[in-house]
Amino acid sequence: FAMSRTPIREALVRLAAEGLVTTLPNRSTIVSPIDFVGLPLYFEALTLMYRVTTRTAAIRRRPEHLTAIKAHQAGFADAVGRHDALGMITTNREFHVATAEAGGNPHFTGLFTRLLDEGRRILRLYYSSFDDRLPRQYVDEHEAIIAAIEAGDATLGEQLAAAHAAQIVTQIQGYIARDEVKGLAL
């Protein structure tokens, strides 16, 4: 690859800091397993960030924020229409990061961005539960959140964000706990 080891080492250090890779005692590096035991705490933090960033976006948004949010939403809707799971994951992240940025609190934005990045693999499971054919409902939920932000309705925005997060959490929990052989006659 004609690349020195230093940038690769730095990238691995960053990925390790984000919990995405694990360095083994013999200095091999592997992709970190998903921490299923810690998922309830992850979902708790994620749900709170959905709520607080949408609420603050409705209060502090500026026209340029709405432009960015709507652009990312258009990309998300396009990815959903094409059944492009990786595109959905990327544009969903960008939509929610833009919403957080509209809230004007860099601490919230940083935490939410980290949670969204950490959850990309989990989101892949979520989209798999639909065979990558995400129902239009989820595009519409984003649209309703945008409308609440645009109207400056912080309470409605927070309620919509909470409902959006709850359905994602419920769907992922159901996917993880599914039992496809229960009742199977052998």
Condition check: out of contact with any Ser or Thr (no Cβ under 9 Å at 6 or more places or on another chain), surrounded by fewer than 18 Cβ atoms within 10 Å (Cβ to Cβ), in contact (Cβ under 8 Å) with a residue 60 or more places away in the chain and within 22 Å of Pro40 (Cβ to Cβ). Does Asp179 satisfy that? no
Checked Phe95, Phe108 against criteria (out of contact with any strand residue (DSSP E or B) (no Cβ under 9 Å at 6 or more places or on another chain), in a helix (DSSP H, G or I) and crowded, with 21+ Cβ neighbours inside 10 Å); the one match is Phe95
How many residues, within the range 133-186, are aromatic (Phe, Trp, Tyr) and within 15 Å of the chain's Cα centre (by Cα)? 1
Residue check, Asp84 in contact (Cβ under 8 Å) with a residue 12 or more places away in the chain and either more than 21 Å from Thr170 (Cα to Cα) or touching a Lys or Arg at 6+ places or on another chain (Cβ under 7 Å) (or both): yes
How many of the residues in the range 96-137 are polar (S, T, N, Q), without any contact (Cβ under 8 Å) to a residue 40 or more places away in the chain and over 20 Å from Ala17 (Cβ atoms)? 1
State whether one or more residues within the range 96-111 are under 11 Å from the mean Cα position of the chain (by Cα) and either more than 21 Å from Pro40 (Cβ to Cβ) or not assigned by TED's automatic domain parsing to the domain that holds Ala77 (or both). yes
Val21 passes all but one of the listed conditions (1) surrounded by 14 or more Cβ atoms within 10 Å (Cβ to Cβ); (2) in the same structural domain as Arg121 (by TED's automatic domain parsing); the exception is number (2)
Return the residues of the range 34-66 that are aliphatic (A, V, I, L, M), in a helix (DSSP H, G or I) and surrounded by fewer than 11 Cβ atoms within 10 Å (Cβ to Cβ); say none if nothing qualifies. Leu41
Could you check the range 5-27 and list, in sequence order, the residues that are under 24 Å from Ile122 (Cα atoms), without any contact (Cβ under 8 Å) to a residue 12 or more places away in the chain and assigned to a loop (DSSP other than H, G, I, E, B)? Leu24
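Residues are listed down the side, and each one gets a yes or a no for (1) hydrophobic (A, V, I, L, M, F, W, C); (2) modelled with pLDDT under 95:
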| site | (1), (2) |
| --- | --- |
| Ala79 | yes, no |
| Arg93 | no, no |
| Glu101 | no, no |
| Thr113 | no, no |
| Arg121 | no, yes |
| Tyr126 | no, yes |
| Ile145 | yes, no |
| Leu160 | yes, no |
Would you be able to tell me the number of residues in the range 142-155 that are under 30 Å from Arg121 (Cβ atoms) and surrounded by fewer than 18 Cβ atoms within 10 Å (Cβ to Cβ)? 2
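The values are calculated or read from the model by the stated rules, or taken from the named source; none is laboratory data. Predicted, not measured: the structure shown is a model, and the values here were computed from it. Because the Cβ atoms are built from the backbone with ideal geometry, glycine has one as well, and the counts that use them run over all protein chains shown.
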